[in-house]
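Here the structure comes first, spelled out in structure tokens, and everything after it is commentary.
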Amino acid sequence: MLAYIVHRILLACLTIAVISVISFVIIQLPPGDYLDSYIATLEAQGDPVSDLQVAGLRKQYGLDRPMPVQYLIWVGNMLQGEFGVSLEWNRPVSQLIGERLFLTVVVALAAVLFMWIMAIPIGIYSAVRQRSIGDYVFTFVGFIGLAIPDFLLALVLMYFAFAWFDASVGGLFSPEYIDQPWSFGRAVDMLKHLWVPAIVLGTAGTAQLIRILRANLLDEMRKPYVVTARAKGLSLWRAVLKYPVRVALNPLVSTIGYILPFVISGSVIVSVVLSLPTVGQLLLGALMSQDMYLAGTIVLLLGAMTVIGTLLSDILLVVIDPRIRMDGAA
Amino acid sequence: MNGKLIAGRLILLAGFSVIGTASDAPASSEPASSVHSFKYDGPMPTKFDEAPELAARVARGELPPIAERIGSEPLIIPPIERIGKYGGTWRRAFTGPVDYQNIDRILHDHVIYYDLDGLTLVPHIAKSWDVSDDGRVFTFHLRKGMKWSDGHPFTADDFVFAYEKLILNDELVPVKPTWLRSGGELGVVSKVDNHTVRYSFARPYHVFLEKYAGLLVAGQSTFARVGTAPYAPAHYLKQFHPDFVDRDDLERLVKETGLNTWSQYFLQHTTPQHNPQIPVVAPWKTVQPITSQRFVLERNPYYWAIDPQGNQLPYIDRIAMQFASDLDVLNLRAIKGEFDMQHRHIQLAKVPVLKANQHKGNYRVLFWPGLGGTECGIFVNQTYDEDPEIARWLGNRDFRIALSISIDREAINETIFLGTGTPRAFLCPPNSPYYPGPELEHRYAQFDPAKANAILDRIGLDQKDAAGFRLRADGRRLVLSLAAVSAAFLDFTGIAEALAENWSKVGVKVSVTIEQRALHSIRTRSNQQHLSLWGTGGSENLWTYPPFTVPISDSVKFAPQTGAWHQSQGQTGLEPTGALKRLLDLFHHGETLPLGQRIAVGHQIWQIHSDNLFVIGTVGLSPAFNGVVVVKNNFRNVPTRAPNSATLQNPGIARTEQFFFDD
């Protein structure tokens, strides 16, 4: 067991290193660099700009050096705990990400909670009352949630929040709470803003989870031990909840590893549309302007989180499900 | 007409019925007498007044009294409506750290500036100026007693410091600003005395004043971040400059902040939007930087302007900008009435919803029409060379005329511009000094597809394929590409589709390519475009903003290779002949002439454009670019109409320091 874990950790490190190379290269692939998008941004805003000035800036930012050199500088800094400076924000990358990490996790957790709170009861109900009206209604709603693009849902919900509830739209805080220290009022204000992102981000995942849970539970419920338990007089709900549900929850555990990176990266567009101050929004801006250190660090962070998350969920599965054996090499 | 356009028109007509009143429709130029002027010849007030919070600080001994703070020669700004009241926080929106111009324009700390008519130069930081007869020497007189926001005196030394220690320093400013050059040589900035600065050039440079007043030179807020501002707080910046402190100490400080070079570190500290510590002379100074979710500025207690009654400006205490990453969120907030005065990033397409909510949101909507030659120009690449047949047609004047007269400009005006623009040719607005005459307004801009067909048949494109598209000499279908930038300020994609449709009706196949901004810029400079779409804001000032009318650099869309030739002084690119050469010659000749003599040259430049259609105009004079202004009803002293152009830096041109809250 220990050898298995150590082996997996070593592989994880190697994977993260490869991810760092790939992410850095891909970010540099589009023609031009940060300064080209800087000029273009200014031109698009209607602001004239001087190309000659930009040539000087290129030299100043070190963008005229070859890519392998820039990569090695980045890795070298990383090993010292520095992730470079964002060209667009003119601040250290670690500061930018650190500021937003807490709120990113909050939004992600809210979405995940929404997903599980909705998906688990509905999934169980759908399986137990298969082919009932309730089952069809939930299935229908689930698929609609899956089919609507999340940014569209975000825009629609935002408009209704404004039109029906006269709520302050976008962002996680009303203007009066934005840079205040934490207080009960601020927390309540955040919850008032959190419902739109939670619903939008959670809907697609909810539909997926409902279907998976339903399918697995249906399989389990046909098994002889369940039939025996019912025959022996156990009530339906007790028979289902006691054991089959636990088995059906297995896939949920194995996807835990993907949840955090999924919600962060899946929320990039939604974060931009809703103006949420999360890491996802930072990533989109960095990618569009080819702000390579910021974009590279965030992509690396997501990759690392996925790898670690997968590792953790594998270990978790081994722990909770005694049926899994490791035969020979992992 | 295609169903899409019909549907579009119906929706817009429905929207228009909501808009209703014609009072907001932009008129053509107003008579000069009705435009407010910020020139003031009245007497200097003897009593002064200040904002209550400043008076309290004076009482506590934290600030010197008002008369000392504004100096003995403050600028007097006559307000547009009435004398204002102190107080209030101006709420606005911004889209991130690259949205500098949002605040630059509000601060407009230029040395001299334009009056509200967009034509007359008036004193701003400098109280007056002199120009030598030969146009080579410009002397600016500063205000006695004027101070930086930390109380330190503002003198000619700050100009010399900016010139010698920043602009001339090759590590800070590797490429010297073009505005400082006349005839290829750098001018010299010198101090005559504490309150007199002199700029001396090798060759006559009359247009320097117009450049100095507008965006090209601007002030500390706009250009400190690249080191080319005309003045800088010497007393503060010396601590970051290797000419004044030990180089090694400096390098160590730089390493600690995680930056790479001392120049990056220095420039970060010169930028008021990033650094709240740096002294400024703008009406408001940064409290919370532009890299936060909320960008906040507060009044500058040493601001050197007053109203005619002696009240120190600005009236408004604070500016608070809220971050919005997405334009839809920003516009939704504006619709809700969350902003006190906002025009930047407000989308023309949202006007029906804005008007529908104006009573609930308690705001009014103003239109400030753009001044560029056209809101959306079709740039025909004259130096394209990859495919000789296509190059031949792009370079054929009759072909361009045919393209121009097959465009249904009225339809584009209705669908894209909501009827707020004016269909016209590519030409400066009627109140520009270089306006050649109304006969050129609609030249080659009528809608005459029959005539276009006749022209195309005549010039050799008479062979058509089964689908009705004209064929090249080799029998293949002639296909031109039209490049439109996605996610730009105007719906270029929509306009491109409409144009492609218009041109397919006369048998010219045009394929629309949507390009991301940076890619579009790169493809333009590498001479790959056939036709491109872009706005031409700034083109009304031929000499202060030439990239849309004169091929001076490789990003000029209608002749990138000519621009490359000019920019590199003949090393690369293609030497121009004919009309392109005349444009460059006229441009350089005009640079040496005073405005009175330059007007005739300007007429000739516009005549060349009218004759040749290098840039085909579609719709002009609309408020699409930053021209839709949402103002709360209690926010006063905002002009109903103001010049809308990047060069003039609206809304700064409306003197934001005299805006106030009336409650």
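I want to confirm something. Restricting to the stretch A:261-282 and keeping residues that are among the hydroxyl-bearing types (Ser, Thr, Tyr) and either touching a Cys at 6+ places or on another chain (Cβ under 8 Å) or at pLDDT 80 or above (or both), which single residue is farthest from residue A:170 (Cα to Cα)?
Checked the stretch A:261-282; the qualifying residue farthest from residue A:170 (Cα to Cα) is A:278.
If only one of A:153, A:191, A:96, A:103 is surrounded by fewer than 16 Cβ atoms within 10 Å (Cβ to Cβ) and of a type in the set (A, V, I, L, M, F, W, C), which one is it? Working first, answer last.
Details: A:153 fails: surrounded by fewer than 16 Cβ atoms within 10 Å (Cβ to Cβ); A:96 fails: surrounded by fewer than 16 Cβ atoms within 10 Å (Cβ to Cβ); A:103 fails: surrounded by fewer than 16 Cβ atoms within 10 Å (Cβ to Cβ).
When all the criteria are applied, what remains is A:191.
With respect to the numbered conditions (1) within 14 Å of chain B (Cβ to nearest Cβ); (2) surrounded by 23 or more Cβ atoms within 10 Å (Cβ to Cβ); (3) not charged (D, E, K, R), which one is the sole condition not fulfilled by residue A:201?
For residue A:201, the failing item is (1).
Please state which one of B:496, B:559 is in contact with a helix residue (DSSP H, G or I) (Cβ under 6 Å, 6 or more places away or on another chain), more than 14 Å from every other protein chain (Cβ to nearest Cβ) and either under 29 Å from residue B:179 (Cα atoms) or of a type in the set (A, V, I, L, M, F, W, C) (or both). Even if it seems obvious, please write down each step before you answer.
Details: B:496 fails: in contact with a helix residue (DSSP H, G or I) (Cβ under 6 Å, 6 or more places away or on another chain).
Answer to the selection: B:559.
Within the stretch A:295-302, is even one residue farther than 30 Å from residue A:85 by Cα and either touching a Lys or Arg at 6+ places or on another chain (Cβ under 7 Å) or modelled with pLDDT under 85 (or both)?
Taking the stretch A:295-302 as the starting set, the residues that turn out to be farther than 30 Å from residue A:85 by Cα are none.
Within the stretch A:295-302, not a single residue is farther than 30 Å from residue A:85 by Cα and either touching a Lys or Arg at 6+ places or on another chain (Cβ under 7 Å) or modelled with pLDDT under 85 (or both).
Among the residues of the stretch A:215-227, are any under 25 Å from residue A:259 (Cβ atoms), at pLDDT below 85 and hydrophobic (A, V, I, L, M, F, W, C)?
Looking through the stretch A:215-227, none of the residues is under 25 Å from residue A:259 (Cβ atoms), at pLDDT below 85 and hydrophobic (A, V, I, L, M, F, W, C).
Does the stretch A:129-137 include one or more residues that are in contact with a helix residue (DSSP H, G or I) (Cβ under 7 Å, 6 or more places away or on another chain), away from chain B (no Cβ under 14 Å) and either closer than 24 Å to residue A:261 by Cα or in a helix (DSSP H, G or I) (or both)? Outline the logic, then answer.
As a first pass, look at the stretch A:129-137 and keep what is in contact with a helix residue (DSSP H, G or I) (Cβ under 7 Å, 6 or more places away or on another chain): A:129-130, A:134-135.
Next, from what is left, pick out any that are away from chain B (no Cβ under 14 Å): A:129-130, A:134-135.
Filter once more, so that each one left must be either closer than 24 Å to residue A:261 by Cα or in a helix (DSSP H, G or I) (or both): A:134-135.
Yes, the stretch A:129-137 contains a residue that is in contact with a helix residue (DSSP H, G or I) (Cβ under 7 Å, 6 or more places away or on another chain), away from chain B (no Cβ under 14 Å) and either closer than 24 Å to residue A:261 by Cα or in a helix (DSSP H, G or I) (or both).
Let's see how each residue does on (1) closer than 23 Å to residue B:121 by Cβ; (2) of a type outside the set (Ser, Thr, Tyr); (3) surrounded by fewer than 18 Cβ atoms within 10 Å (Cβ to Cβ); (4) more than 14 Å from every other protein chain (Cβ to nearest Cβ):
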position	(1), (2), (3), (4)
B:182	yes, no, no, yes
B:189	yes, yes, no, yes
B:198	yes, yes, no, yes
B:201	yes, yes, no, yes
B:204	yes, yes, no, yes
B:212	yes, no, no, yes
B:227	no, yes, no, no
B:234	no, yes, no, yes
B:240	no, yes, no, yes
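Which number in (1) in contact with a Leu (Cβ under 8 Å, 6 or more places away or on another chain); (2) among the hydroxyl-bearing types (Ser, Thr, Tyr); (3) surrounded by fewer than 20 Cβ atoms within 10 Å (Cβ to Cβ) marks the one condition that residue B:263 misses?
Residue B:263 satisfies all of (1) in contact with a Leu (Cβ under 8 Å, 6 or more places away or on another chain); (2) among the hydroxyl-bearing types (Ser, Thr, Tyr); (3) surrounded by fewer than 20 Cβ atoms within 10 Å (Cβ to Cβ) except (3).
The rows are residues; the columns are (1) in contact (Cβ under 8 Å) with a residue 24 or more places away in the chain; (2) within 11 Å of chain A (Cβ to nearest Cβ).
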site	(1), (2)
B:248	no, no
B:252	no, no
B:269	yes, yes
B:273	yes, yes
B:292	yes, yes
B:300	yes, no
B:309	yes, no
B:328	no, yes
B:335	yes, yes
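Tell me, please, whether a residue that is in contact with a Pro (Cβ under 9 Å, 6 or more places away or on another chain), within 14 Å of chain A (Cβ to nearest Cβ), at pLDDT 90 or above and farther than 23 Å from residue B:406 by Cβ can be found in the stretch B:544-555.
Here is the first cut: in the stretch B:544-555, the residues in contact with a Pro (Cβ under 9 Å, 6 or more places away or on another chain) are B:545, B:547, B:551-555.
Checking the rest, the ones that are also within 14 Å of chain A (Cβ to nearest Cβ) come to B:545, B:547, B:551-555.
Pick out the ones that are also at pLDDT 90 or above and you get B:551.
Add one more test, that the residue is farther than 23 Å from residue B:406 by Cβ, and what stays is B:551.
Within the stretch B:544-555, one or more residues are in contact with a Pro (Cβ under 9 Å, 6 or more places away or on another chain), within 14 Å of chain A (Cβ to nearest Cβ), at pLDDT 90 or above and farther than 23 Å from residue B:406 by Cβ.
If you scan the stretch B:341-358, which residues turn out to be within 12 Å of another protein chain (Cβ to nearest Cβ) and either buried (at least 22 other Cβ atoms within 10 Å of the Cβ) or under 23 Å from residue B:294 (Cβ atoms) (or both)?
Across the stretch B:341-358, the qualifying residues are B:343, B:344, B:345.
Under 7 Å by Cβ, and 6 or more places apart or on different chains, what pairs join a residue from the stretch B:641-661 that is within 15 Å of residue B:222 (Cβ to Cβ) and more than 13 Å from chain A (Cβ to nearest Cβ) with one that is of a type in the set (Ser, Thr, Tyr) and buried (at least 24 other Cβ atoms within 10 Å of the Cβ)?
Final answer for the pair search is B:653/B:114.
What number of residues in the stretch B:125-152 are closer than 29 Å to residue B:314 by Cα, outside any strand (DSSP E or B) and polar (S, T, N, Q)?
Adding up the residues that qualify gives 1.
Residues in the stretch B:189-210: is at least one closer than 25 Å to residue A:89 by Cα and not in a helix (DSSP H, G or I)? It would help to see each step written out before you state the result.
Taking the stretch B:189-210 first, the residues closer than 25 Å to residue A:89 by Cα are none.
No, that holds for no residue.
Being over 24 Å from the mean Cα position of the chain (by Cα) and closer than 27 Å to residue A:58 by Cα narrows it down to one residue among B:180, B:186; which is it?
On the way: B:180 fails: over 24 Å from the mean Cα position of the chain (by Cα).
Sole residue among the options that is over 24 Å from the mean Cα position of the chain (by Cα) and closer than 27 Å to residue A:58 by Cα: B:186.
Can you go through B:638, B:629 and tell me which one is surrounded by 19 or more Cβ atoms within 10 Å (Cβ to Cβ) and part of a strand (DSSP E or B)?
Result: B:629 is the single residue among B:638, B:629 that is surrounded by 19 or more Cβ atoms within 10 Å (Cβ to Cβ) and part of a strand (DSSP E or B).
Exactly one condition in (1) within 14 Å of residue B:138 (Cβ to Cβ); (2) out of contact with any helix residue (DSSP H, G or I) (no Cβ under 8 Å at 6 or more places or on another chain) is not met by residue B:168; state its number.
Unmet for residue B:168, out of (1) within 14 Å of residue B:138 (Cβ to Cβ); (2) out of contact with any helix residue (DSSP H, G or I) (no Cβ under 8 Å at 6 or more places or on another chain): (1).
How many of the residues making up the stretch B:555-588 are of a type in the set (A, V, I, L, M, F, W, C) and in contact (Cβ under 8 Å) with a residue 60 or more places away in the chain? So that I can check it myself, show each step before the final result.
The first filter runs over the stretch B:555-588 and keeps only residues of a type in the set (A, V, I, L, M, F, W, C), leaving B:556, B:558-559, B:564-565, B:574, B:579-580, B:583-584, B:586-587.
Applying the additional criterion that residues be in contact (Cβ under 8 Å) with a residue 60 or more places away in the chain yields B:558-559, B:574, B:580.
Here the count works out to 4.
If you check every pair at least six apart or on different chains, which have Cβ atoms under 9 Å apart with a residue in the stretch B:358-378 that is assigned to a helix (DSSP H, G or I) first and a residue that is among the small types (Gly, Ala, Ser) and crowded, with 24+ Cβ neighbours inside 10 Å second?
B:361/B:334
Look at the stretch B:461-482 and say how many of its residues are touching a Phe, Trp or Tyr at 6+ places or on another chain (Cβ under 9 Å) and surrounded by fewer than 17 Cβ atoms within 10 Å (Cβ to Cβ).
Initial filter on the stretch B:461-482 (touching a Phe, Trp or Tyr at 6+ places or on another chain (Cβ under 9 Å)): B:461, B:472, B:477-480, B:482.
Checking the rest, the ones that are also surrounded by fewer than 17 Cβ atoms within 10 Å (Cβ to Cβ) come to B:477, B:479.
Summing the residues that are touching a Phe, Trp or Tyr at 6+ places or on another chain (Cβ under 9 Å) and surrounded by fewer than 17 Cβ atoms within 10 Å (Cβ to Cβ) in the stretch B:461-482 gives 2.
Of the residues B:448, B:462, B:491, B:474, only one is acidic (Asp, Glu) and free of Cβ contacts under 8 Å to residues at least 40 places away in the same chain; which? Working first, answer last.
Details: B:448 fails: free of Cβ contacts under 8 Å to residues at least 40 places away in the same chain; B:491 fails: free of Cβ contacts under 8 Å to residues at least 40 places away in the same chain; B:474 fails: free of Cβ contacts under 8 Å to residues at least 40 places away in the same chain.
The conditions single out B:462.
Take residue B:564 and decide whether it is crowded, with 21+ Cβ neighbours inside 10 Å, assigned to a helix (DSSP H, G or I) and modelled with pLDDT of 85 or more. Can you show your working first?
Values: crowded, with 21+ Cβ neighbours inside 10 Å: yes; assigned to a helix (DSSP H, G or I): yes; modelled with pLDDT of 85 or more: yes.
Against the criterion (crowded, with 21+ Cβ neighbours inside 10 Å, assigned to a helix (DSSP H, G or I) and modelled with pLDDT of 85 or more), residue B:564 qualifies.
Residues being touching a strand residue (DSSP E or B) at 6+ places or on another chain (Cβ under 9 Å) and outside any helix (DSSP H, G or I): count how many of those fall in the stretch B:567-615.
The total comes to 5.
Can you report the number of residues in the stretch B:569-610 which are surrounded by 20 or more Cβ atoms within 10 Å (Cβ to Cβ), touching an Asp or Glu at 6+ places or on another chain (Cβ under 9 Å) and over 19 Å from residue B:437 (Cα atoms)?
Count: 1.
Across the stretch A:87-98, what is the total count of residues that are more than 9 Å from every other protein chain (Cβ to nearest Cβ) and either over 22 Å from residue B:271 (Cβ atoms) or under 23 Å from the mean Cα position of the chain (by Cα) (or both)? Write out each step before concluding.
In the first step, residues of the stretch A:87-98 are kept if they are more than 9 Å from every other protein chain (Cβ to nearest Cβ); the result is A:87, A:97-98.
Cutting the leftovers down to either over 22 Å from residue B:271 (Cβ atoms) or under 23 Å from the mean Cα position of the chain (by Cα) (or both) gives us A:97-98.
Number satisfying all stated conditions: 2.
The values are calculated or read from the model by the stated rules, or taken from the named source; none is laboratory data. Just so we're clear, the structure is a prediction, and the values are computed from it rather than from any experiment. All Cβ positions, even for glycine, are placed from backbone atoms using ideal geometry, and neighbour counts span all protein chains on display.
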